[in-house]
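Q: One structure follows; several queries about it will come next.
The values are calculated or read from the model by the stated rules, or taken from the named source; none is laboratory data. Only a predicted model underlies this, so the values are computations on that prediction, with no experimental measurement involved. Don't worry about glycine lacking a Cβ; one is built from the backbone with ideal geometry, like all the others, and counts go over all protein chains shown. These accessible areas exclude ligands, DNA and RNA; they are computed on the full protein's heavy atoms, side chains included. Shrake-Rupley method; radii C 1.70, N 1.55, O 1.52, S 1.80 Å.
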Amino acid sequence: MRVELFPPESVTEPRHWVRHDQAFAMMLGRGSIEWGSKRSALEKFRYATGDLALCDRHVGEWVGLMTTPHLQLGISDAPLMAASDGAYGEVELRPSRKFADHRLGALVAAAHAEMVAGFPSGRLFLDSVEQAMAVALVNGHAVRHRPVQIRRGGLGSARLRRIKELVHVKMEDDLSLDEMAQSVGLSTAHFARMFRKSTGETPHQFVLRQRIERAKAMLRAPDARVLDVAVACGFKTQQHFAQAFRDVCRVSPTEYRQDFLDSEVICDSEARSEDTSLSLVDS
């Protein structure tokens, strides 16, 4: 998925933009953009923060003055076709220069936050967001499509075991959704749906939980450095690790380790007291 930030800019001459992936944009502030299919017939659209625009593919459009910053995302064909339940070729979406969609807006906001943070969650997070965006775009804006079918059942135990083994082997790597799907011989979109049906989690949520569980085990060692734990568990930065750990465990990694070590001291102290009491009784 392509993610690009466009700041406000003044232009003296309209420019012609042609996009060959399926692009749409979310406005990050109030302002306006001049759009048009002809250079001589630009129309000004006023936007509020969170408004969306779905671009016309291949045909291109003329763009003039832009006074609002916006985030533009490009969705590849594969997730759009998968969301169309087996469609072949390109999925045709209705272009719209201004619309609102709360679900799409939340997904774009998640992609924007990830970009601002420097993409610390890796490819799997963006792959998952792209899949969800494709479903929302197809369901709400496709010219012709069949609705997404949710199949009964889920992944079998052998496939789930294979996924868990892959995650543990590649815990330190930037694992992608496509790589997980290929390991069990499924398309990316079908794998994502079946995995969630089987586990109640998205692949990204599952991988994150596995990383946090490994981190908790490593943090129980009193000499483990938080940075070393973060790297060993697949986090790109110590800051991202600390935030993800706090989101899941409600405490920081350092606080978790200290709480564990404190509880160990208490248990040891209680055990010694019990041994002393038993010794007195025996004597």
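Q: Considering the dipole of the stretch 177-262 built from charges on the beta carbon (Lys and Arg +1, Asp and Glu -1) around the Cα centre, which of Ala181, Cys233, Ile212 is farthest to its positive end?
A: Highest projection toward the positive end goes to Ala181.
Q: I want to verify the translational diffusion coefficient of the stretch 36-79 in µm²/s; compute it with Stokes-Einstein, Rh as the Kirkwood radius over Cα pairs, at 10 °C and 1.306 mPa s.
A: 126 µm²/s
Q: Each residue of the stretch 107-124 in turn: what ³J(HN,Hα) in whole Hz from Karplus with 6.51, -1.76, 1.60 and θ = phi - 60°, glycine and Pro shown as x?
A: Working through the residues one at a time gives 5, 5, 4, 5, 5, 5, 4, 5, 5, 4, 7, x, 6, x, 7, x, 5, 4 Hz.
Q: Let me ask something else. Express in nm, to one decimal, how much length is gained between His168 and Val231 on full extension, taking 0.36 nm for each residue of separation and deducting their alpha carbon distance.
A: Value of the extension gain: 21.3 nm.
Q: So if I place +1 on the C-beta of Lys and Arg and -1 on the C-beta of Asp and Glu, and nothing else carries charge, what would the dipole magnitude of the stretch 170-226 be about its Cα centre? I want it in debye, nearest 20.
A: 320 debye
Q: In addition: Report the convex hull volume per residue for the stretch 205-247, counting only C-alpha atoms, in Å³.
A: 60 Å³
Q: Amide H neighbours of Gly31 under 5 Å, at least 5 residues apart or on other chains, H built in the peptide plane: list them.
A: Here Tyr47 satisfy the definition.
Q: Something else: Rank Arg209, Arg103, Arg19, Arg97 by accessible area, highest first, at a 1.4 Å probe radius?
A: Arg103, Arg209, Arg97, Arg19
Q: Using θ = phi - 60° and the Karplus relation 6.51 cos²θ - 1.76 cosθ + 1.60, list the HN-Hα couplings for the stretch 247-260 in order, rounded to whole Hz, with x at every Gly or Pro.
A: Each residue's phi maps through the Karplus curve to give 4, 8, 9, 6, 9, 6, x, 5, 5, 4, 5, 5, 4, 5 Hz.
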